[in-house]
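Peer 1: Here you go, one structure.
None of the figures in this text is laboratory data; all of them are computed from the coordinates on show. Keep in mind the model is a prediction, meaning the values are calculated, not measured. Because the Cβ atoms are built from the backbone with ideal geometry, glycine has one as well, and the counts that use them run over all protein chains shown.
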Amino acid sequence: MADYVGLTPGYLGKLFKAQYQQSVNDYLKDVRLELAKRMLLESTESVQAINEKVGVHNTTYFFTLFRKKYGMSPAQYRNDAILHSNQEAEPGEWQAILIK
């Protein structure tokens, strides 16, 4: 990024932190985790496939980051979201959900 904007990495990091109150690396982690969270809800892909797609190639590290930020594992997040969406279904929809 620094090369792209014609700055040294250290100076870019200093400017970024002054503007956004976090480091470039922390910002990128947050962006990756938010994207992963959305992908967990919108797809049935494995957690490993998702963490690789968002640019965290170590699954253990991804689980650690996710748990630290959201207080649960990616699988727990997905399961909780599914459970809550099923609870919000109309009463007549329960039969269809249970039949599946």
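Peer 1: Of everything in the range 8-21 that's surrounded by 10 or more Cβ atoms within 10 Å (Cβ to Cβ), outside any loop (DSSP other than H, G, I, E, B) and of a type outside the set (G, A, S), which residue is nearest to the chain's Cα centre (by Cα)?
Peer 2: The residue in question is Y20.
Peer 1: Quick one: is V31 under 22 Å from G71 (Cβ atoms) and within 9 Å of the chain's Cα centre (by Cα)?
Peer 2: yes
Peer 1: Which is small (G, A, S) and touching a residue at least 24 places away in the same chain (Cβ under 8 Å), of A2, A36, A18, A49?
Peer 2: Exactly one residue qualifies, and that residue is A36.
Peer 1: In addition: For the range 62-88, what are the residues that are under 12 Å from K29 (Cα atoms) and surrounded by fewer than 12 Cβ atoms within 10 Å (Cβ to Cβ)?
Peer 2: Selection gives K68 alone.
Peer 1: Within the group V5, V24, V56, which residue is over 22 Å from the mean Cα position of the chain (by Cα) and either surrounded by 13 or more Cβ atoms within 10 Å (Cβ to Cβ) or farther than 30 Å from I82 by Cβ (or both)?
Peer 2: Values: V24 fails: over 22 Å from the mean Cα position of the chain (by Cα); V56 fails: over 22 Å from the mean Cα position of the chain (by Cα).
Selected residue: V5, the only one of V5, V24, V56 that is over 22 Å from the mean Cα position of the chain (by Cα) and either surrounded by 13 or more Cβ atoms within 10 Å (Cβ to Cβ) or farther than 30 Å from I82 by Cβ (or both).
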